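In what follows, a single structure is set out as structure tokens and then discussed.
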Amino acid sequence: MSKQGLSLFVCAVSFLLAASTLLAQDQDKDHPGMDMTGMDMSAALSSSLPSPSSGSGTSWQPASVPEQMWMIRRRGWDLMMHGQVFLTYNQQGGPRGEGKAESANYFMFMEQHSLGKGRLLFRQMFSAESLTSPHPGFPEIFQTGETYHGEPLVDHQHPHNVFAELSALYTLPLAKKISWQLYGGPSAEPALGPVTYMHRASASENPAAPLGHHEQDSTHTSFGVVTTGFMIDRFKIEGSAFNGREPNEERWSIQLGALDSWSLRASAAPTRDWTAQYSYGRLLHPEALEPGNQLRQTASLEYNRPFSAGKLGKGNWATSFVWGRVQKEFESFPLNSYLLESTLNFRRRNYAYTRFELVDKDELLSRVPLQPSFRIGAYTFGGVRDLVQNQHWQLGLGSDVTFYSKPAVLDASYGNDPVSFHVFLRLRP
């Protein structure tokens, strides 16, 4: 990073620290609020294991992660709803950046009931991003993945599909500490990768997708998935057969295909505050514009710590480390991505968050001789203050700033020291 970039970084950090201090001094009386303690929604799991509604697909987050949702019980059914809406002004820096008013959003509905000796959970997740940030989607320099008008999508994050998840999950206890799970649907998430960024507690306040999304958790919307596995005490082993092709540009349709890809995942939840996973998968022709198949590996570690006393007051601290690797079978080199992100909620209304990434990108420019990919760094610092917080809603005002590192060969296209920022309102149950 240049001296100018370092100066901006120092100024941004100083500003955020000062803002946090002022917000803490301005802290008003706590509202009674919603009880955000983790809920165990499955009779088959102990209270020290994650709820099936706390992650995405069949992935696990720590059991202590707050459940921010509405829930009622009707005739033996647990009916739940949660989601998040960001109303954002997004300014991406450098010659290839742009500014745009946009909205990232999703809405999830869940219905759970006993079935025989087990529990059946239905999930439906929808997104209006095809209307609130239509193609080419969200400006995000150095982002790649999927297509637009028959060309690779570069420097933008695609909007999510209207039908982001339509799935069912059945959990059946077989013994005191052994359970069997069966999961799937026409739009679902295979056992490949960590909890997707939209649902990770460590990314809850950040409106942007990670640059490593397509190396880590992009299969969270796959049109055709069947997963089965076993939970043995605090461990889970599962495998999936799924349609590995990326969704096309018709964001409102369900594009079913053969279940010709597969994945395996091992997960562990040693305590209420920790989870870890390793997964491996083979995706058959996932990219519309590239030949061949992909091998994908991911590993992740998630930590969550709720607290209710001390100088920070009532709050929560969530942190994730994620590694993802994609090996394209027609390339001799792998693409790696590394992510460390953390969100601190303190004195109930205040949030500070960070995201640090190192990601290999091979689609930014036409291939440069002897340099098949570029190592990009992105470093985000942000904060949110809840303006409204009661038993039904949380409305927060936030902003963040992102700095980058990159090879000098990209300076002509992206500028020497691009800086990007978001200013946003965040609304959720």
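The values are calculated or read from the model by the stated rules, or taken from the named source; none is laboratory data. Please read these numbers as outputs of a predicted model, since none were measured by experiment. Heads up, the Cβs are rebuilt from the backbone with ideal geometry, glycines too, and the neighbour counts pull from every protein chain shown. Just the protein is used for accessible areas: all its heavy atoms, side chains included, with ligands, DNA and RNA removed. Shrake-Rupley method; radii C 1.70, N 1.55, O 1.52, S 1.80 Å.
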Condition met for residue 253 (open to solvent by less than 40 Å² (accessible area, probe 1.4 Å) and under 30 Å from residue 150 (Cα atoms)): yes
Selection status of residue 299, in contact (Cβ under 8 Å) with a residue 12 or more places away in the chain, touching a strand residue (DSSP E or B) at 6+ places or on another chain (Cβ under 7 Å), open to solvent by 40 Å² or more (accessible area, probe 1.4 Å) and more than 24 Å from residue 345 (Cα to Cα): no
Those strands (runs of 3 or more DSSP E) lying entirely in region 349-429 with at least 2 residues without any contact (Cβ under 8 Å) to a residue 24 or more places away in the chain and closer than 29 Å to residue 328 by Cβ: none
Complete set of residues in region 272-299 that are among the hydrophobic types (A, V, I, L, M, F, W, C), under 16 Å from residue 194 (Cα atoms) and assigned to a loop (DSSP other than H, G, I, E, B): none
Per-region count, region 168-198, residues open to solvent by 10 Å² or more (accessible area, probe 1.4 Å), within 12 Å of the chain's Cα centre (by Cα) and at pLDDT 95 or above: 1
Failed criterion for residue 226 (all others in (1) in contact with a helix residue (DSSP H, G or I) (Cβ under 9 Å, 6 or more places away or on another chain); (2) more than 24 Å from residue 360 (Cβ to Cβ); (3) in a strand (DSSP E or B) hold): (1)
Residues of region 63-79 satisfying the condition of being more than 15 Å from the chain's Cα centre (by Cα) and closer than 27 Å to residue 230 by Cβ: 63, 64, 67, 76, 77, 78
Residue ranges of strands (runs of 3 or more DSSP E) in region 91-170 with at least 1 members among the hydrophobic types (A, V, I, L, M, F, W, C), more than 22 Å from residue 337 (Cβ to Cβ) and in contact (Cβ under 8 Å) with a residue 40 or more places away in the chain: 99-115, 118-126
Residue within region 61-69 that is closer than 18 Å to residue 220 by Cβ, at pLDDT below 95 and surrounded by 18 or more Cβ atoms within 10 Å (Cβ to Cβ) present: yes
Qualifying positions in region 86-108 - under 10 Å from residue 138 (Cα atoms), of a type in the set (Gly, Ala, Ser) and open to solvent by less than 70 Å² (accessible area, probe 1.4 Å): 99, 103, 104
Among the candidates 381, 374, 403, residue that is modelled with pLDDT under 95 and surrounded by 14 or more Cβ atoms within 10 Å (Cβ to Cβ): 374
